[in-house]
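Step one of this worksheet: look at the structure below.
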Amino acid sequence: MNKDLEQLSALYDGELSREEIHEGLKKMNEDPRMKETFHKFGLISELVQRKTQKKSSTVLFLKDHLSKVNPIISNLFTAAASVLITLIILYQFDDDRFQVNRESSLQLSSAISSEEAKSQLLNADQNIMEHMIHIMQSSDSHTSQKISKNWIPVGFSVSPNNPNQYSNGRNNLFFHLENKQLGIKKVEYFRANNNWIYLIPLQDGRLLTAYGDIPPSVADPMIQSIYKRK
Amino acid sequence: MGANKGDEVFINEIKAGNQAAFEAMVLKYQPKLMSSLVGYTKSVDQAEELCQKTFIKVWQKIHSFRGDSALFTWIYRIGINLAKNDFASSFSKHSKVTGSLDQNEHDVPEYVSPEIQLIAAQSEDKIMEFIQTLDSDTKTAFTLREAEGRTYDEIAEILSCPIGTVRSRIFRARQLILEFMTKENIINE
């Protein structure tokens with residue numbers, strides 16, 4: 001039996017000859033217990049790979065770290081996947097003011113009654129969702145591009161434990177900067193529980209993403225400052 | 001990264017119409033896909049439905065898989081696209097407006113309860129701790145395979161031992177982990 005299970009383990013890893021594969025698949029087909037064991041190998045793989053990725057992921061490491069520092073912001077990461085499927089564009093902002101733009105929201109609302117506009121909107125959202133995936137799930141460093149000191153809100157300073165994290169003692173903020181703008185022409189922001197994600201298109205063609213438990217009232221002067229200095 | 005050696009086995013067999021190979025592939029990747037989809041949707045029911053739809057699509061589209069990416073990456077993309085389509089449908093349903101902007105605000109639902117994890121979170125740590133207790137040779141072979149995705153050839157070279165030894169060490173690790181999981185009532189026998 002152990003010999004069969006060892007062969008099953010090698011089949012799982014794709015390490016058998018063609019003849020052995022057929023033999024292994026035949027045995028699996030005839031014995032439901034072998035199928036079950038094969039599936040359990042899959043469970044183990046899933047667990048080990050996920051746990052290993054967690055260890056090597058900066059973002060997920062931050063989550064673990066932040067849960068001790070600030071349980072609220074750690075939800076940003078645990079709820080990351082939720083963000084992808086439930087975020088709706090809330091508001092858009094004009095460049096020169098960071099306030100709720102009721103008119104644009106109402107336009108958005110009426111636009112989605114048109115099939116074509118709805119499709120365009122959903123496509124745009126898909127790009128944004130991909131961006132969220134990148135931010136929340138990427139293990140790449142977020143420091144590949146330098147964050148300007150001018151972007152840091154007044155009262156926030158860099159965390160001694162993490163160069164990407166800024167804090168004012170109550171709220172935490174992270175920045176992500178990259179060279180694509182996802183068709184975003186105006187500042188857009190999204191809410192996930194008590195956390196907020198701000199997508200800020202810069203004049204030089206890059207997109208600055210700020211995320212953390214900072215509400216619009218705190219982010220407002222930050223964004224105004226970014227646009228004043230551009 | 002293209003399809004790895006392990007994937008190729010399944011892909012070629014499935015393309016040749018081997019249903020047993022397809023079933024094996026489903027058994028192999030279902031836990032990983034479920035985990036991703038549960039994380040994405042926060043709903044076991046929805047994830048299960050999407051998982052099923054995904055594998056149906058995989059079966060239908062396997063001939064278009066060129067091997068430019070790893071098989072699971074391709075499967076994952078199909079699953080996530082299906083999830084997005086679901087989201088798009090629900091978006092059109094739920095986006096009826098709204099005179100007030102506040103009513104347009106959608107919060108993220110509560111984070112999923114731990115019970116729905118494939119392996120309960122508290123058990124995950126136990127299993128990982130158990131893996132650390134495996135003897136060094138067994139643990140290294142297993143880790144090189146599962147965490148780093150190395151082939152048996154590569155592991156044999158790294159560990160300077162025959163492929164047969166690698167194969168038996170990896171199996172031994174899996175066997176011990178399964179025994180531990182059964183003993184701890186993490187999975188049924």
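The values are calculated or read from the model by the stated rules, or taken from the named source; none is laboratory data. Since we're looking at a predicted model, the values are computed, not measured. Using ideal geometry, Cβ is built from the backbone for each residue, glycine included, and neighbour counts are taken over all protein chains shown. These area figures cover heavy atoms from the full protein model, side chains too; ligands, DNA and RNA do not enter into them. Shrake-Rupley method; radii C 1.70, N 1.55, O 1.52, S 1.80 Å.
Some notes on this structure:
- For the stretch B:173-188, a drop of 10 Å² or more in accessible area on going from the chain alone to the assembled protein chains (1.4 Å probe) is found at B:174, B:175, B:177, B:178, B:181, B:187, B:188.
- With every protein chain in place and a 1.4 angstrom probe, the accessible-area ranking of B:128, A:34, largest first, reads B:128, A:34.
- The phi-based Karplus calculation (6.51 cos²θ - 1.76 cosθ + 1.60; θ = phi - 60°) puts the 3J(HN,Hα) values of the stretch B:172-180 at 4, 4, 4, 4, 5, 5, 5, 4, 5 Hz, whole numbers, x for Gly and Pro.
- Taking all protein chains together, A:39, A:22, A:176 sort by accessible area into A:22, A:39, A:176, largest first [probe 1.4 Å].
- Interface residues, the stretch B:39-64 - accessible area loss of 20 Å² or more versus chain alone, probe 1.4 Å: B:40, B:42
- Members of A:185/B:42; A:51/B:53; A:27/B:15 lying beyond 22 Å, as alpha-carbon distances in this model show: A:185/B:42; A:51/B:53
- Shown are B:136, B:35, A:17, whose ranking by accessible area with a 1.4 Å probe and every protein chain present, most to least, is B:136, A:17, B:35.
- Area of residue B:74 that stays accessible when all protein chains are in place (1.4 Å probe, Å², to 10): 40 Å²
- For the stretch B:5-89, the square roots of the Cα gyration tensor eigenvalues, ordered a ≥ b ≥ c, give a/c of at least 1.5 with a/b greater than b/c, which places it in the prolate category.
- Buried accessible area, chains A and B (both chains, 1.4 Å probe, Å² to nearest 100): 6300 Å²
- With every protein chain in place, the stretch B:5-89: carbon and sulfur % of accessible area (1.4 Å): 46 percent
- Taking trypsin sites (Lys or Arg not before Pro) across the stretch B:1-78, the ones in a DSSP loop with at most 16 further Cβ atoms lying within 10 angstrom of their Cβ are B:66.
- Scalar couplings 3J(HN,Hα) for the stretch B:149-165, obtained by applying the Karplus form with A = 6.51, B = -1.76, C = 1.60 to θ = phi - 60°, are x, 6, 7, 4, 4, 5, 5, 4, 5, 4, 8, 6, 9, x, 4, x, 5 Hz; x denotes Gly and Pro.
- Rounded accessible area per residue of the stretch B:5-89, 1.4 Å, Å²: 42 Å²
- Residue B:76 exposes around 60 Å² of accessible area when a 1.4 Å probe is run over every protein chain in place.
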